[in-house]
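The values are calculated or read from the model by the stated rules, or taken from the named source; none is laboratory data. Treat the numbers as computed from the prediction; the structure is a model and nothing was measured. Neighbour counts are summed over all protein chains in view; Cβ atoms, including those assigned to glycine, are modelled from backbone coordinates with ideal geometry.
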């Protein structure tokens, strides 16, 4: 009954809460959205200078969040939120983040839809004067947390879809396109602009995010959300060398030594060897190249795999990897 009631009444009389409720109806319905226990979303990020990087977002709804950024050009970055503290790993440096704005942003990111986060975190919603863009007539809703963190949200009057968010620091996210996954809306193309940018032409400063993949309600190891570092980035020797088996995705078993990773079959026979070099861009990254490509002196980027150890514990590690065309994440257990 709720969608019929909200969509049928005079739009001028809708409250901010009704607008957000209507948006959630369009996004799949609050009942369906509430069934999302976890999400893993991967984007290809294109910077204003046309360089690219891959972003893997993983979350346990309302609890934990991690964002991993990897490219062959920039230093890798990770934001960890384990439910209590926020840690940022940037190349070789580690920072503990404590400011109110960052804390509130990461709490919202533990929800797959920001407007659902507003409801679950009891944001105060207020309707502001409507705003008409060239291509969209919008409701405007201010969302305010108890600590004062405030965003401004623009909802298309045609379908109540959230199309832009302005954050307290002046940064903007334009939600340009979308798809539905298991009946739930996922933003498939996002444009970000930054208030501190010195570029006057906004079209030249837009950072775009294009959806690569999305997985809902799959098990995510807690290792992903725990920052293993206190002050500096390193990888322990038992992760650098040892025998490992994948615990998700394609079944893989290999032995890693100082110079190579030897993949073995069920009988322990080596059926693939890849040579490796640590410290590609930071202490937690390494490059891989197949033995045959190495013998052929094939130095093209297409023949290489770039891997980053995101986190680890005594039982194994989790990582992300990229090639020229593909990317994914993987969990491995240590075989002692």
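For the reader, a short list of remarks on this structure follows.
- Residue match in the range 317-328 (condition: touching a residue at least 60 places away in the same chain (Cβ under 8 Å), in the same structural domain as residue 244 (by TED's automatic domain parsing) and either more than 25 Å from the chain's Cα centre (by Cα) or not in a strand (DSSP E or B) (or both)): no
- Single residue of the range 263-276 satisfying the filter (assigned to a strand (DSSP E or B) and without any contact (Cβ under 8 Å) to a residue 12 or more places away in the chain) that is surrounded by the fewest Cβ atoms within 10 Å (Cβ to Cβ): 271
- Residue 66 being within 30 Å of residue 145 (Cα to Cα) and in a strand (DSSP E or B): yes
- Filter result for the condition that a residue is without any contact (Cβ under 8 Å) to a residue 24 or more places away in the chain and not assigned by TED's automatic domain parsing to the domain that holds residue 287, over 12, 30: 12
- Set side by side, the residues 230, 253 differ, and just one is surrounded by 15 or more Cβ atoms within 10 Å (Cβ to Cβ) and over 26 Å from residue 37 (Cβ atoms), which is 253.
- Scanning the range 161-181 for residues that are part of a loop (DSSP other than H, G, I, E, B) and in contact (Cβ under 8 Å) with a residue 60 or more places away in the chain, we see that the one that is farthest from residue 103 (Cα to Cα) is 161.
- Of the residues making up the range 279-299, those that are touching a residue at least 12 places away in the same chain (Cβ under 8 Å) and touching a helix residue (DSSP H, G or I) at 6+ places or on another chain (Cβ under 7 Å) are 289, 290.
- Single residue of the range 193-214 satisfying the filter (over 14 Å from the mean Cα position of the chain (by Cα) and surrounded by 13 or more Cβ atoms within 10 Å (Cβ to Cβ)) that is modelled with the lowest pLDDT: 197
- Candidates 178, 167, 149: the one that is surrounded by 13 or more Cβ atoms within 10 Å (Cβ to Cβ) and out of contact with any strand residue (DSSP E or B) (no Cβ under 8 Å at 6 or more places or on another chain) is 149.
- Here the helices (runs of 4 or more DSSP H) wholly within the range 1-45 that include at least 2 residues being at pLDDT 95 or above are 16-26, 30-33.
- Checklist (1) under 30 Å from residue 143 (Cα atoms); (2) part of a loop (DSSP other than H, G, I, E, B) applied to residue 235, failing item: (1)
- Only listed residue being assigned to a loop (DSSP other than H, G, I, E, B) and either without any contact (Cβ under 8 Å) to a residue 60 or more places away in the chain or within 22 Å of residue 67 (Cβ to Cβ) (or both), chosen from 103, 107, 158: 158
- Qualifying position, being within 19 Å of the chain's Cα centre (by Cα), closer than 20 Å to residue 188 by Cα and surrounded by fewer than 19 Cβ atoms within 10 Å (Cβ to Cβ), among 109, 58, 85: 109
- Considering (1) within 28 Å of residue 110 (Cβ to Cβ); (2) touching a strand residue (DSSP E or B) at 6+ places or on another chain (Cβ under 8 Å), the lone condition that residue 251 does not fulfil carries the number (1).
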